[in-house]
Structures are given as C-alpha cells and as structure tokens.
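Novice: Below you'll find the structure I mean.
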Amino acid sequence: MAHEKTDKSELIRRLIAERWLNLQAGRTLVDRRGGHPQHLLQDAPTDLSERANRKKAMLQRSHALRIRTLLPS
C-alpha cells in the first residue's frame, strides 16, 4: 500500500479490475456481452457478411414490416 500510495480499498478495487480484465482477455467482445441473440442469424442468407447484402436485407425487412403495419388484420 505504501508503494502504491493508496488506501486498502482502492488497491483491492484495482486488483479485482485487473484480474477481471485478465480473465476476460481471451473472449471476444460479443462473447463478453452475452453472445448473439438466438434468432438474429436464423434463416439468414450466407452472404450477409457483405455490406451491400446486409443493406438490401434490412430494406426488405423494413418494407415488410411497414406493409404489415399498414394492412388491417
């Protein structure tokens, strides 16, 4: 504590934070945030990794949702 020039509680907080980061270091951001939602990529085309294809798919989904909300049930 004298070397760090801090009190005991602050030193413990820093050690816990460092340890937590070390434990999390091998995981990707998506893994650390809980992974992808189960339904997100279900039935998705395999070429969605390209931006133009994602944009087209999002526009189609948007139009489908808009039509569904405009039509009476």
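Novice: Just to confirm my filter: which helices (runs of 4 or more DSSP H) fall fully inside the range 7-73 and include at least 3 residues that are more than 18 Å from the chain's Cα centre (by Cα) and exposed (fewer than 10 other Cβ atoms within 10 Å of the Cβ)?
Specialist: Correct list: 8-24, 51-70.
Novice: Let me ask something additional. When the range 29-48 is examined, which residues are found to be closer than 26 Å to residue 60 by Cβ and of a type in the set (Gly, Ala, Ser)?
Specialist: 35, 44
The numbers here are math on the coordinates, done by the rules we state, and not lab data. Everything quoted here is computed from the prediction, not taken from an experiment. Every residue, glycine among them, receives a Cβ derived from its backbone with ideal geometry; neighbour counts consider all protein chains shown.
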